[in-house]
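Nothing in this text is a laboratory measurement; each read-out follows from the coordinates by a stated rule. Note that the structure is predicted; figures quoted are calculated from it, not measured. Please note: Cβ atoms are built from the backbone with ideal geometry, for glycine as well, and neighbour counts cover all protein chains shown.
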Amino acid sequence: MSDSPVAEAIGLRKVFRNAHARSETVAVADVSFSIAEGESLAIVGESGSGKTTIARMLIGLERATEGTIHICGREYGTGHIRTSERRRRGRELQIVFQDPYTSLDPHQRVGSCIAEVVRQHFGCDGATCAARVAELLDQVGLQSEHAQVRPHKLSGGQRQRVAIARALAARPRVLILDEAVAALDVSVQAQVLNLLADIRETTSISYLFISHDLAVVRQVSDRALVLHRGTVVESGPTAAILDHPSHEYTRKLRAAVPSRAWTPEQTQAVVTAEHTG
Amino acid sequence: MDTSIAPTAARTGAPLSLAGRLFASLGKAGLIALVVILVVAFAAAAAPWIAPYDPQAIDLGNVFAAPSAQHLLGTDGLGRDLLSRLIWGSRTTFIGPLLVILMSTVVGSALGIASAWVGGVVDGAIARVLDVMFALPGIVFALVAVAVYGAGLTTAVIGLAIAYTPYVARVVRGAALRERNLPYIAACSVQGFSALRICVRHLLPNLRTLITVQAVASLGFAVVELAAISFLGLGVQPPTPDWGVSVATGLQASLQGHPAEALYAGTVIVVMVAAFNVMGDSLSARAGASRR
Amino acid sequence: MTVLDVRDLRLMIGSGAATLTIIDGISFSIERGEALGLVGESGCGKSMTARSIIGLPPPNARVAGEIDFEGRDILRMGSRELRAYRASQVAMIFQDPRAHTNPVHTIGDFLTEAQCEIGGVTRAAARRRAIELLADVGIPDGEQRLALYPHQLSGGLLQRVMIASALAADPALLLADEPTTALDVTTQAEVMAILTRLRRERDLALLFITHNLELAAATCDRTAVMYAGGLVEVQRSAALHDAPLHPYTSGLLCARPSIDHADRRLVVIPGRPVSAFETGPGCSFAPRCAYAEERCRSEKPTRTAVGAASVACHRAAELQGSLPIGSVEAAS
């Protein structure tokens, strides 16, 4: 549509205050990025890197301590978000979570789950709604019979497809995938990655793909940010970062990925620094 | 493409419908308990037709009669047929506790869910209020109510219902807090659903199992406590037949060498309470096994 | 010298009409000092295999076949013998160390308890040994660490403590059930390095269960691929990675994206991974196999030798050397 980015974050910062220890943890420190229409940006990091916190800040589940977020040209304030504003945001930004076993309401049938979202954003009647649900199920590779079942009858891969269908039901411009394939078997992961590629090709949706898996990131994203302890250590086209990493952390990350000729190297005793909060 | 719908056996369990759960997975003990409860419920409902005599019919020529063909369980100190009094007494034994549980469950669940949803200061304040209410045992509450508003089943029921509410609220709040933090609830927030809608359409159905199990188990307690209140003369008033009242009047008769009334009434109370407890146990065992 | 010899292991859950087969007759062996990777997806039965070997199948499971540990059949051991076996001959580490440590006990308690209880060692001696063990797994200041609680350690550190505890009794066989799946990739590298070094130092036999074929290929001498309760291929890891013999192995290799290039689309195996009880007659992989023939659908293949490897596929001989391992543009 236009040249302006469909998603933009500037100077994002999140500080958690630990009341008991009276200390602070800086989860995210000065992270900025932008996503163009139809583009797929990956945020790569290990645990504690702050990548999930960034996703939560964008989607409004966490308040940013500092920084601005613009989605579809609109600023997303970080104060209390009213329900009507949330509904509006749902049309622009959606999310698929990591765990397929807790991201769907166990009591709700798949069709009803998706229909609820369609009605929320488009307020259509029964027949139109049902048609749209069938269309979405087809788009994610499920059959119409699946609309009548509850999540417990579905496999992990199928549940993630439902989660994707639910997210797409709102016709968002940007989709955040927070480790969305990490919990899936290898063969199923491949199917879902292909599905995501198909969706991006047929719509002009943009992805913010959060992952720790470098191979998946290579497959699914155009550009990437490497996050270490809350700061961006490297950013650029995914291929360039992975083939010629310029930052030491990226190199270390790349070197740790198992492959045919890989042998694990005993790194320095980083043990002294390793306490969890 | 992944098109098959996985057979249920391969997947982790899930919440069945209410009926499905109750009738399909109670286990032997639970089923026996259910039968007992249903028998008593039937007796309560069909009392006018199955009780051989009017429970209030006094026959002073036939007091403390031993069991016979005319009076299967004998008679009490006023010649009233014990079997008929037992059958009719099952009514208040059912209605009272049912009302207590109904009221406390509805109010307690609403309180628990709302508290968990709003969180923060409000949740903290509600939790403290509940803590205070815990300090007073149910019977004490009911006695206070009776002292203020006079004896009677209604007052006892309301007093007890208030006393039970914090138990329900605490359990529901704990479970609601856990569910509330799961991604599927976050996914609803993201869509911009109202808090009420999320709580009623998404949170509540997933707590239904827990609430039901809690309610069934509590019925047993309510039976005992209401019987106790009636025993003390502060609940159901004689001559209305009620098991708790029967224990009280039967107690005096026991001292005169006629323990029958107290024994029968006491036994059925124990059986009812045990049945509810066993049902509650088997429901919770099955529910625990099939969660997700 | 063969430490473990599994012969036609079967595991069924439930009874009567509701019996579900989880493991459908698998056979393999592990030599002293060897690492065998057991790779498979959800529902294939790999975790149950480990539990059978350590003698802790689920309560309602029936186990058949033979599991020979240094000549003795575990499935026929009495409970006393089994306890002794578990105490000092075999050890197991799991995916989630936090679920297997008591949060109210310190690391020191965790490491010394077994020694004192079973080994009859004094507390002081047990503590010294614990500090040695921690040093062995790359935790130098063991003295201070003994006083810490599990929640004060990161996942990687805790997993190292688990390894230390597992090796305390000097077992001959270590079973590792997805020990690095929940760890960051850099932590995973460290933990794998420790495992490899300890294995070499102590001539330890290792059964390494994972869903990550590359990890198994890189760290284990041989790799066994499991599908729907059966072993479809067992080969030397390097050879398996370069020239898989079974279509499923090939499918797994192709399905995995490469870190070196992006494919337009990944080559997928249609359908989803199934368990043993969900399969029909014939080869369990036939419904999803691109190379399946009539014979595959009606007749179940047995695992037969093909050179130094073994594979359960009717068409193994003719497919040998031609199964893909990546996309068409595959190049390093």
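Lysines within cross-link reach of A:Lys14: Cα-Cα under 24 Å, excluding same-chain residues under 8 positions apart?
Those lysines meeting the cut-off are A:Lys51.
What residues have an amide H closer than 5 Å to that of C:Glu31, excluding those fewer than 5 places away on the same chain, when H is modeled at 1.01 Å from N in the peptide plane?
C:Val3
For region C:95-143 and region B:179-203, write down the distance between their C-alpha centroids in whole Å.
So the two Cα centres are separated by 44 Å.
Among C:Asn212, C:Asn60, C:Asn102, whose mean-square fluctuation peaks in a Gaussian network model of chain C (Cα, cutoff 10 Å)?
C:Asn60
Determine, for B:Ser194, C:Ser42, the number of other Cβ atoms within 10 Å of each Cβ, and report the residues in order from fewest to most. Before the final figure, lay out the partial values.
Numbers: B:Ser194 15, C:Ser42 20.
Ascending number of Cβ neighbours within 10 Å: B:Ser194, C:Ser42.
Considering only DSSP beta bridges whose two residues both sit in the protein assembly as shown, what percent are antiparallel, to the nearest 5? Provide the component values of the computation, followed by the final result.
Numbers: 54 of 91 bridges.
The answer is about 60 percent antiparallel.
Percent of alpha carbon pairs in the protein assembly as shown separated by more than 57 Å? Present the calculation step by step, with values, prior to reporting the outcome.
Values: 89506 of 405450 pairs.
Beyond 57 Å sits 22 percent of the P(r) for the protein assembly as shown.
Looking at chain A, which longest stretch skips every one of the trypsin sites (Lys or Arg not before Pro) that is in a DSSP loop with at most 10 other Cβ atoms within 10 Å, leaving the sites themselves out?
A:83-277
Could you pull the Cα extents of region C:1-132 along its three principal axes, largest to smallest, in whole Å?
53, 36, 29
For C:Ser310, what is the net charge nearby, where nearby means another residue's Cβ is under 10 Å from its Cβ and Lys, Arg count +1, Asp, Glu -1?
Values: positive: C:Arg303; negative: C:Glu233.
Once positives and negatives cancel, what remains is 0.
Tally Lys and Arg at +1 and Asp and Glu at -1 over the other residues with C-beta under 12 Å from the C-beta of A:Ala9: what net charge comes out? Spell out each step's value before the answer.
Working: positive: A:Arg13, A:Lys14; negative: A:Glu8, A:Asp30, A:Glu66, A:Glu75.
Counting the neighbours of A:Ala9, the net charge comes to -2.
Take the alpha carbon gyration tensor of region A:64-187, find the square roots of its eigenvalues, order them as a ≥ b ≥ c, and report rounded if a/c is under 1.5; if not, report prolate when a/b exceeds b/c, else oblate.
Details: a/c = 2.18, a/b = 1.36, b/c = 1.60.
Oblate shape, in that a/c is at least 1.5 and b/c is the bigger or equal ratio.
Could you size up the charge dipole of region B:82-188 around its Cα centre, putting +1 on the beta carbon of Lys and Arg and -1 on that of Asp and Glu, and report it in debye to the nearest 20?
160 debye
Roughly what angle does helix A:126-139 make with the longest principal axis of chain A, taking Cα atoms, 0 to 90 degrees, to the nearest 10?
Its long axis makes an angle of about 40 degrees.
Residue by residue through C:250-261, how many Cβ atoms from other chains fall within 10 Å of the Cβ on average? Walk me through the intermediate numbers first.
Working: counts 0, 3, 4, 2, 3, 9, 8, 13, 5, 13, 6, 6.
The mean count of partner-chain Cβ atoms within 10 Å per residue comes to 6.
Once fully extended, how much extra length lies between B:Ala66 and B:Ala45, figured as 0.36 nm per residue of separation less the alpha-carbon to alpha-carbon distance? Please list the in-between numbers first.
Details: separation 21, 0.36 × 21 = 7.56 nm, distance 2.73 nm.
The span from B:Ala66 to B:Ala45 would gain 4.8 nm if fully extended.
What's the exposure ranking of C:His241, C:His261, going from fewest to most Cβ atoms within 10 Å?
Values: C:His241 21, C:His261 18.
Starting with the residue having the fewest Cβ neighbours, the order is C:His261, C:His241.
With Cβ to Cβ distances under 11 Å as the rule, what net charge do the other residues near C:Arg222 carry (K, R +1; D, E -1)?
Numbers: positive: C:Arg236; negative: C:Glu31, C:Glu34, C:Asp221, C:Glu233.
Neighbourhood net charge equals -3.
Shielding by partners for A:105-117, please: the mean number of other protein chain Cβ atoms within 10 Å of each residue's Cβ. Mind dumping the intermediate values first?
On the way: counts 12, 11, 12, 5, 0, 0, 0, 1, 4, 0, 0, 6, 6.
Taking the mean over all residues of the peptide, I get 4.
Please state, to two decimals, what the Cα-based radius of gyration of chain A comes to when divided by 2.2 N^0.38 Å (N = residues). Before the final figure, lay out each step's value.
On the way: Rg = 19.5 Å, N = 277, 2.2 N^0.38 = 18.6 Å.
Expressed relative to 2.2 N^0.38 Å, the Cα Rg reads 1.05.
Counting partner chain Cβ atoms within 10 Å of every residue's Cβ in A:212-222, what's the average? Let's see the in-between values first.
Details: counts 3, 4, 4, 8, 3, 3, 7, 10, 2, 1, 1.
Taking the mean over all residues of the peptide, I get 4.
If eta is 0.890 mPa s and T is 25 °C, what Stokes-Einstein diffusion coefficient results for region C:238-319, Kirkwood Rh from Cα pairs, in µm²/s? Provide the component values of the computation, followed by the final result.
On the way: Rh = 13.9 Å.
My calculation gives 176 µm²/s for D.
Using amide H atoms built 1.01 Å from N in the peptide plane, name the residues 5+ places from A:Tyr76, or on other chains, whose amide H lies under 5 Å from its own.
Answer set, sorted by chain and number: A:Ile69, A:His70, A:Ile71.
How do B:Val36, B:Val140, C:Val268 rank when sorted from fewest to most other Cβ atoms within 10 Å of their own Cβ? Don't skip to the end; give the middle numbers.
Values: B:Val36 18, B:Val140 12, C:Val268 21.
Sorted ascending by nearby Cβ count, the order is B:Val140, B:Val36, C:Val268.
Provide the per-residue ³J(HN,Hα) series for region A:67-77, in order, calculated from phi with Karplus coefficients 6.51, -1.76, 1.60 and θ = phi - 60°, each as a whole number of Hz, with x at glycine and proline positions.
The phi angles translate into x, 10, 10, 10, 10, 6, x, 9, 7, 9, x Hz.
Could you pull out the GluC sites (Glu not before Pro) across region C:2-73 that fall in loop regions by DSSP (anything but H, G, I, E, B) with no more than 16 other Cβ atoms inside 10 Å? Before the final figure, lay out the partial values.
On the way: sites: C:Glu31, C:Glu34, C:Glu41, C:Glu66, C:Glu70; in loops: C:Glu34, C:Glu41, C:Glu70.
Passing both the DSSP loop test and the Cβ count: C:Glu70.
Quote the relative contact order of region C:95-170 in percent (integer), defining contacts as alpha-carbon pairs under 8 Å separated by 6+ residues.
43 percent
Given H placed 1.01 Å from N in the peptide plane, which residues other than close sequence neighbours of C:Leu183 have an amide H under 5 Å from its amide H?
The answer is none.
Could you tell me the ratio Rg/Rh of chain B? Both radii from Cα atoms, Rh via Kirkwood. Don't skip to the answer; put the middle values down first.
Values: Rg = 22.9 Å, Rh = 21.3 Å.
My calculation of the ratio gives 1.08.
Using alpha-carbon positions, what is the distance between the centroids of region B:218-239 and region A:230-244, in Å?
73 Å
If I build a Gaussian network model for chain B, linking alpha-carbon pairs within less than 10 angstrom, which residue out of B:Leu130, B:Leu255, B:Leu219 has the largest mean-square fluctuation?
B:Leu255
What does the C-alpha gyration tensor say about the overall shape of chain C? Classify as rounded when a/c is under 1.5, otherwise prolate if a/b is larger than b/c, or oblate. The partial results should precede the final answer.
Details: a/c = 2.16, a/b = 1.53, b/c = 1.41.
Prolate, because a/c is 1.5 or more and a/b exceeds b/c.
From the phi angles alone, apply the Karplus equation (6.51, -1.76, 1.60; θ = phi - 60°) to region B:248-261 and give each ³J(HN,Hα) in whole Hz, x where the residue is Gly or Pro.
Karplus values, whole Hz, x for Gly and Pro: 5, 5, x, 4, 4, 4, 4, 5, 8, x, 10, x, 3, 4.
If one puts a single equal scatterer on every Cα of region C:209-258 and applies the Debye formula without solvent, what log₁₀ I(q)/I(0) results at q = 0.25 Å⁻¹?
With one equal scatterer per Cα and no solvent, log10 I(q)/I(0) is -0.96.
Taking 22 Å as R0, compute the FRET efficiency from the Cβ-Cβ separation of A:His20 and C:Asp109 and round it to 0.05.
Values: r = 24 Å, r/R0 = 1.11.
After rounding to 0.05, the efficiency reads 0.35.
Can you tell me which lysines have their Cα less than 21 Å from the Cα of C:Lys300? Leave out same-chain residues fewer than eight positions away.
Within reach: C:Lys46.
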